[in-house]
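Quick notes on the structure that follows.
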Amino acid sequence: MQETVSTDLDLEAAATDHRETDYDIDPLFLTRWSPYAMTGEPLEEAQFLPLFEAARWAPSAFNNQHWRFIYATREDDEWDTFTDLLLGGNEDWATDAAVLAVIVSKTTFDHNGEPAPTHSFDTGAAWQNLALEGARRDLAVHGMAGFDYERAAKELEVPEEYAVEAMVAIGERAPPESLPEELQEREQPSDRKDLETIVHRGGFDA
C-alpha cells in the first residue's frame, strides 16, 4: 500500500503533526522546516525582501555582520546562472523557487583585517533569522549544500576574503504531488535528536 502524504500547505499545522518538544518554546521554531515543493510563481520584492531584513539583525562578533546574500529571481537575466549551480538532485525541485540566493561570509574583521574565527557561525545566525521570517510568512525556505561552491565563487565574482557558505531556495509552497515521486514522501518536517544527545553539562560525554 502506498503511503499517503499530507497535502496540508500550512507550515505550522504540518510541523505540529510531526514534531513534539520536551519544553515549551515558541511554535515558530517548530514551524520552520524545509519544504521542497514550490509553485514556480514569482514573488514580489515586498514578499521576500523582509526575509533578508530579518537576516540583517542577526548578532555577530564585533558587529562585523559577515553575511552577504547574492540572489536572483525568476525574472532576472542571472537566473540561469544560479540554477546551473545546483547539484545533487536539487535541480529537480529548486528550479521551481521564486528566489535563489547564495550566502557568503566575510572571513576577516572590518576594523583590523584579521581573521574572523566566527564568520561562519555568525552567518548561520543570519540564515536562521531569514528562515524563521520565511516560516512566519508561510513561505517555503530551503537551505542547500548541494551546489558547486567553486563555480559560485567564480561566476558570482565573490571576493577572495569571502567564503561561500550555502545556497537557499525561497518560494510559494506547492502540494507534495508536484514533486518527483521520490521526494514526495520526504515532504514533511523532520524530527530532532534528544536533548540528552546534544547538551552536555560540565564536559563532553560522547
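Based solely on its DSSP helices, what 222 nm [θ] is calculated for the chain when runs of n ≥ 4 H residues each add -39,500 (n - 2.57) and the sum is averaged over all residues, nearest 500 deg cm²/dmol? Roughly -8000 deg cm²/dmol at 222 nm, from the helical runs in the chain. Note on the chain: with charges restricted to the Cβ of Lys and Arg (+1) and Asp and Glu (-1), its dipole about the Cα centre is near 740 debye.
Taking K and R as +1 and D and E as -1, what net charge do the other residues with C-beta under 10 Å from the C-beta of residue 116 add up to? My count for the surroundings of residue 116 gives -3. Exposed loop sites were defined as chymotrypsin sites (Phe, Trp or Tyr not before Pro) in DSSP loop states (anything but H, G, I, E or B) carrying at most 11 other C-beta atoms within 10 Å; in the chain the longest segment without such a site runs 58-203. Taking a sphere under 11 Å around the Cβ of residue 159 and counting the other residues whose Cβ falls inside, with K and R at +1 and D and E at -1, yields a net charge of -1. Residues 173, 201, 151, sorted by accessible area with the largest first, give 201, 151, 173 [1.4 Å probe; ligands and nucleic acids excluded].
Summary value for the chain: 32 percent relative contact order, contacts being C-alpha pairs under 8 angstrom separated by 6+ residues. Checking every one of the GluC sites (Glu not before Pro) in the stretch 8-93 against DSSP loop status and a limit of 14 other Cβ atoms within 10 Å picks out 20, 44, 75, 78.
Over all pairs of different C-alpha atoms, the chain has a mean inverse distance whose reciprocal, the Kirkwood radius, equals 18.3 Å.
The values are calculated or read from the model by the stated rules, or taken from the named source; none is laboratory data. The model shown is predicted, which means the values in this text are computed figures rather than measured ones. FYI the Cβ positions are ideal-geometry reconstructions off the backbone, even for glycines, and counts take in every protein chain you see. SASA here: full protein model, heavy atoms, side chains in, ligands and nucleic acids out. Shrake-Rupley method; radii C 1.70, N 1.55, O 1.52, S 1.80 Å.
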